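Enquirer: Got a structure here, written out as structure tokens. Questions coming.
The values are calculated or read from the model by the stated rules, or taken from the named source; none is laboratory data. Note that this is a predicted model, so its numbers are computed, not measured. Because the Cβ atoms are built from the backbone with ideal geometry, glycine has one as well, and the counts that use them run over all protein chains shown. For accessibility, only protein heavy atoms count, side chains too; no ligands or nucleic acids. Shrake-Rupley method; radii C 1.70, N 1.55, O 1.52, S 1.80 Å.
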Amino acid sequence: MSEATDPADDFPPADAPRRRRSPIIDVAVVALGGYMLFWMFGDVRYFLQGSEPRDLGDAAALVAKGVDPGLDDTFVVLRGTPDVQHAARLRIEPKSGQAGRTIGYLRLIEGGGSLFAAIPRTTEAAPQQFEGVFEGRMRRLSESPNFAAIQQHFDGERIVEGRDATPAALLEALGKRQGDGITVVDTDGQSITLGTKATVTIVVEQPDVQAQLGRSSFDSPAAAEAAVAALGFPYYAPPEQSSARFYNFYVRLPAGERESAQAKLSAAAVIPADAKPADPSVGAAILPWITSYPVPASDITGDGGKFGFVPGDNAKPGFDLQDGKLVPRPLQAGRLVLDPGDVKAVRLERPVTVDPQGYVIDVGVRPRDRWLEVVMWCLVLIVVGWNVTSLVAGWRARRA
């Protein structure tokens, strides 16, 4: 008698359930893809802009009103003065399948250290003249892949930006000071902010002149001083005569008397037979006396409507007239105090450093040039979306 068979044996066994991919892989792909989408989104945003650039006008006006912080990844055109003297040229090494290239970086003078232009250089002998009109993609300096090289080059150049200002403008700025910095309106009507590393140079045309009497023409300091005293004007004789060629005196000599005083001193001078032309040790000369006082911007004050600062170690404070004699102007608590009317000129100087929050224009890069990056971004988006769908499906299967 044959053995009974189970009816279930007449059907083939069911396929084993398909093993699903680990959700950890999905999470890793989504995380990596999300980072890439974020990192590449600037190219997508730039691609979606129109074909006409946003006209930012003149760089000086742009800086004066404040650069819009939202200009990153914007198609713009900007006019400015390129600083050709301190231009940087960076060689971008070739990648696989790509040729190497050279990019020139120009600082726009009006922007200090906050506006630059990146210009492709097709050859080493490319022209060095620029029209001052830059059209392309505006990007944050800190976002530029070459930011470190840009910063190293331009900060290493030790560029100093100089402006002229009036004593009244400087005095007004000092009255509005907040902290160590001051903002001064220069003679062109442009504002410049001076930080702790900036310098203000006060130029004073002294009311006195320098009388230089050659040592070969006057046989002793006493003889030279006697000739100066014979002019009949207040004078000051330094206790030490540092020059080996002439004696130096300071004389309160009116402008209308200088020509006649020069003639008197020349007449008193003994001219050696072997004298050489333009030899400062021979004859006598009357020279205007102009002093310059470079002062850190953080140290100058404008209290009481007058400038106050500590003069340098070798700076001469000038002279006051007392009892018919010239005496060195005294310092007040170690500071030289000057009336604005005595100041002939004001020079403002600040070091130019690269501002990471500034901008660089990638010249010649138009929105349509980013089409390949947009295609790649869309592919990454599809991959991320597929893995997100897989995660959701797996989550639902586990809850079912």
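Enquirer: Return the FRET efficiency for the residue pair Glu143, Glu240: r is the Cβ-Cβ distance, R0 is 51 Å, and the value is rounded to the nearest 0.05.
Expert: Efficiency at R0 = 51 Å is approximately 0.30.
Enquirer: Binning every alpha carbon pair distance of segment 39-119 at 5 Å from zero, what are the percents per bin?
Expert: Histogramming segment 39-119 at 5 Å steps yields 3, 12, 18, 18, 20, 18, 8, 2, 1 percent.
Enquirer: Across bins of 5 angstrom width beginning at 0, how are the C-alpha pair distances of segment 126-181 distributed, in whole percent?
Expert: Going out from 0 Å in 5 Å bins, segment 126-181 shows 4, 11, 10, 12, 19, 12, 13, 13, 4, 1 percent.
Enquirer: Now, a different point. How large is the translational diffusion coefficient of segment 282-333 in µm² per second when you combine the Kirkwood radius over alpha carbon pairs with Stokes-Einstein at 25 °C and 0.890 mPa s? Before the final figure, lay out the partial values.
Expert: Values: Rh = 13.6 Å.
Translational D for this selection: 180 µm²/s.
Enquirer: Which one, Ala224, Leu37, Ser243, is farthest towards the positive end of the dipole of the chain when Lys and Arg carry +1 and Asp and Glu -1 on their Cβ?
Expert: Leu37
Enquirer: As a test question: what accessible area, to the nearest 10 Å², does Val392 have when a 1.4 Å probe is rolled over all protein chains in place?
Expert: 60 Å²
Enquirer: Now for a separate question. May I ask you to derive the FRET efficiency for Ala229 and Thr187 from their Cβ-Cβ distance with R0 = 41 Å, giving the value to the nearest 0.05?
Expert: Here the calculated transfer efficiency is 0.45.
Enquirer: Given H placed 1.01 Å from N in the peptide plane, which residues other than close sequence neighbours of Asp73 have an amide H under 5 Å from its amide H?
Expert: Met138, Arg139, Arg140
Enquirer: Then there is this: In nm, what is the difference between 0.36 nm times the number of residues separating Asp72 and Lys325 and their Cα-Cα distance?
Expert: Between Asp72 and Lys325, full extension yields an extra 84.5 nm.
Enquirer: Sticking with this structure for a sec: What percent do you get for the relative contact order of the chain when only Cα pairs under 8 Å and 6+ apart count?
Expert: Contact order relative to length: 25 percent.
Enquirer: For the Cα atoms of the chain, what angle does the longest principal axis make with the long axis of helix 258-268, in degrees from 0 to 90, nearest 10?
Expert: 60 degrees
Enquirer: Suppose only helical runs count, i.e. DSSP H with n ≥ 4. What mean residue ellipticity at 222 nm does that imply for the chain under -39500 (n - 2.57) per run, divided by all residues and rounded to the nearest 500 deg cm²/dmol?
Expert: Numbers: 7 runs with 100 residues, N = 400.
Rounded to the nearest 500, the figure is -8000 deg cm²/dmol.
Enquirer: Still on this structure, please answer the following. Eight or more residues apart or on different chains, and alpha-carbon atoms under 18 Å: count the Lys pairs in the chain matching that. The partial results should precede the final answer.
Expert: Details: Lys176/Lys306; Lys306/Lys344; Lys316/Lys325; Lys316/Lys344.
Here the count comes out as 4.
Enquirer: On the principal axes of its Cα set, how long, how wide and how thick is segment 172-276? Give whole Å, largest value first.
Expert: Ordered largest first, segment 172-276 gives principal extents of 61, 30, 27 Å.
Enquirer: Which whole number in µm²/s is D for segment 325-400 by Stokes-Einstein, with the Kirkwood Rh taken over Cα pairs at 25 °C and 0.890 mPa s?
Expert: For the chosen part, D equals 115 µm²/s.
Enquirer: So which GluC sites (Glu not before Pro) in segment 215-305 end up in coil per DSSP with only 12 or fewer other C-beta atoms within 10 Å? Intermediate results must be reported in sequence, preceding the final value.
Expert: Numbers: sites: Glu225, Glu240, Glu257, Glu259; in loops: Glu240.
Within segment 215-305, the qualifying GluC sites (Glu not before Pro) (loop, at most 12 other Cβ atoms within 10 Å) are Glu240.
Enquirer: Identify the trypsin sites (Lys or Arg not before Pro) of segment 158-190 meeting these criteria: DSSP loop state and at most 16 other C-beta atoms within 10 Å of the C-beta. Intermediate results must be reported in sequence, preceding the final value.
Expert: Numbers: sites: Arg158, Arg163, Lys176, Arg177; in loops: Arg158, Lys176, Arg177.
Here the sparse-neighbourhood loop sites are Arg158, Lys176, Arg177.
Enquirer: A follow-up question, please. Kirkwood Rh over Cα pairs of the chain into Stokes-Einstein at 4 °C, 1.567 mPa s: D in µm²/s?
Expert: The calculation lands on 46 µm²/s.
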